[in-house]
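K.L.:
What follows is a structure written as structure tokens; I'll ask about it next.
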């Protein structure tokens, strides 16, 4: 069980089954072709988004619509970037995502290491609490969260968003990290403790470097979750200048104005960095999920 | 781990010394390591949950000031509200359809993505895109694409000759829920497919070699080897998707945004409308709805786990 993370880190192998020879030749063409269709299915909506961002808003609302713009213009991107409102939303998103990610990592690493390595009274209760946290997405508790921050006078603050995003993302980070810590042979750690390192020193100097892929995965996941969070921000932030991107960009399209190309330009600015970030950890992703989930 | 324990059996059997094994720790030490995580979870997950319970037993005025105790009035009001039946039905259809379709497509896609072929890396990146994108943004995108007048989907389907006149995907009651389900499945597939790819990778190769030597065909190998060994991953996929889809807010909030009433709302968006959008802003009522939701998801997951036999499955 502990080897699952290590095994998953090795490249996936082909499953050799007996197949007729004709198929073996055909699959060299069929599989990439099918792959291209799958790729299109998942990309196509976002391609529409890009093409709509690259035409004037009036043309987005043409009826019937055309797939390709009649007038190509990157104007919407310029308008969005120079829009002070957009700059504020971007600032909020960055502050909230970065701060909550830092908190999650600082808090989850010791907890994951300790629960992976030691048994103690209350361990099961703690892990149970973590599972329950994962079940109560902020959505179902949003009325309670609103009441709490209302009582503490934290409506319309970054603090409220940072704390909520951090608390609800501990669970996933903890599962991933725990799987990675558990996969490291005990002997390595024991050798370190014989050398005279304390537990904390062992964790920092010996274990953390070995679990770096796990840490990277947890960081990315948390960052993206906080970056994309919507319902809590929608509820807790009423001040337009303090909204994050996910809430703010929607004001480009309301009952009063329909700036679809600006909405999509802003959306693309919000999406593209995260997609790249996600693609970069794609390899660790599978290892991380194996370690965290298959047990 | 097993080796380490057997090595220490003699030490443990001498009761006189009662030394703790290196793998155990004292509770206060655990508190030191888990404390920060615990504080955050107690403060921002458990505390709001308690607040939610307290709120559900009180009445509040329109700006959110407490007016006094309400007993069970909020609960009886919520449970007897005329829209609840429709909302519960919508929730059931939404969760069941999205989860089942997501798992089926996810299984097929995972099988495909774990084969090796030219360009696989790009396909995997493409699958990530809806996962990495904010749900609210993807929902806005589909709102436009589904639009009766300006949407590309009508244009596309008419071009292919599948439909002959435009469909009001998000306005026509017959199509609103199916359209939302389609988007729900689209955004749920990436995580699920990746979970199953991870599950497939964890299956030892020699099992397949044995099956090949025994002359098992592709379908039999899949049914008798892959699926049973994938069971833990499928179980987790179903449970997590049930939770995510039930709690899913942006898809319904945005796609159903222009429809009046509660005809297409799920329990989550219904609760939200009661709390923050209805004319009364009835926080107490919304809190009882929130607790009802928490209870429903706990029961649904519990029943599912009971049904599939959680213990037996995790042992595998």
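Here, each number is a calculation from the coordinates, and none is a lab measurement. Nothing here was measured: the structure is a model prediction, and the numbers come from that model.
K.L.:
So what is the 222 nm mean residue ellipticity for chain A from helices alone, if each DSSP H run of at least 4 adds -39500 (n - 2.57) and you divide by all residues, rounding to the nearest 500 deg cm²/dmol? Numbers along the way, then the final one.
P.N.:
On the way: 15 runs with 210 residues, N = 295.
Taken over chain A, the calculation gives -23000 deg cm²/dmol.
K.L.:
Hey, what did the stretch B:99-166 get for relative contact order, percent, Cα under 8 Å, at least 6 apart? Don't jump to the answer; show the numbers that get you there.
P.N.:
Details: 25 pairs, mean separation 8.5, N = 68.
Reported as a whole number, the value is 12 percent.
K.L.:
Another one. Quick one: among B:68, B:161, B:261, which has the greatest mean-square fluctuation in a GNM of chain B with alpha-carbon springs under 10 angstrom?
P.N.:
Sorting by GNM fluctuation, first place goes to B:161.
K.L.:
Given Cα pairs under 8 Å that are at least 6 residues apart, what percent is the relative contact order of chain A? Please list the in-between numbers first.
P.N.:
Working: 312 pairs, mean separation 95.7, N = 295.
Once divided by the residue count of chain A, the mean separation gives 32 percent.
K.L.:
Given the options B:212, B:66, B:231, which has the most mean-square fluctuation in a GNM of chain B, springs set between C-alpha atoms less than 10 angstrom apart?
P.N.:
Between B:212, B:66, B:231, it is B:212 that shows the largest mean-square fluctuation.
K.L.:
Sticking with this structure for a sec: Can you give the translational diffusion coefficient of chain A in µm²/s, computed by Stokes-Einstein from the Kirkwood radius over Cα pairs at 20 °C and 1.002 mPa s? The partial results should precede the final answer.
P.N.:
On the way: Rh = 22.3 Å.
The diffusion coefficient I find is 96 µm²/s.
K.L.:
Further question: For chain A, set up a GNM with springs between Cα atoms under 10 Å and report which of A:261, A:251, A:93 has the largest fluctuation.
P.N.:
Per the Cα network of chain A with a 10 Å cutoff, A:251 tops the list.
K.L.:
Just want to confirm a number: the relative contact order over chain B, from Cα pairs under 8 angstrom separated by 6+ residues, in percent. It would help to have the intermediate numbers written out before the result.
P.N.:
Working: 293 pairs, mean separation 83.7, N = 316.
Computed over chain B, the figure is 26 percent.
K.L.:
Right, next: In whole angstrom, note down how far apart the Cα centers of the stretch B:98-165 and the stretch B:43-76 are.
P.N.:
Their Cα centres are 41 Å away from one another.
K.L.:
Right, here's the next one. Projected area of the stretch A:143-289, taken from the Cα convex hull and averaged over every viewing direction, in nm²? Let's see the in-between values first.
P.N.:
Details: hull surface 47.0 nm².
Hull-based average projected area comes out at 11.7 nm².
K.L.:
When averaged across all projection directions, what area in nm² does the alpha-carbon convex hull of the protein assembly as shown cover?
P.N.:
Values: hull surface 128.1 nm².
If you wrap the Cα atoms of the protein assembly as shown in a convex hull and average its projections, you get 32.0 nm².
K.L.:
Let me ask another. Tell me the mean residue ellipticity at 222 nm calculated for chain B from its helices only (DSSP H runs of n ≥ 4, each -39500 (n - 2.57), averaged over every residue, nearest 500). Before the final figure, lay out the partial values.
P.N.:
Working: 17 runs with 208 residues, N = 316.
After summing the helix terms and dividing by the residues of chain B, the value is -20500 deg cm²/dmol.
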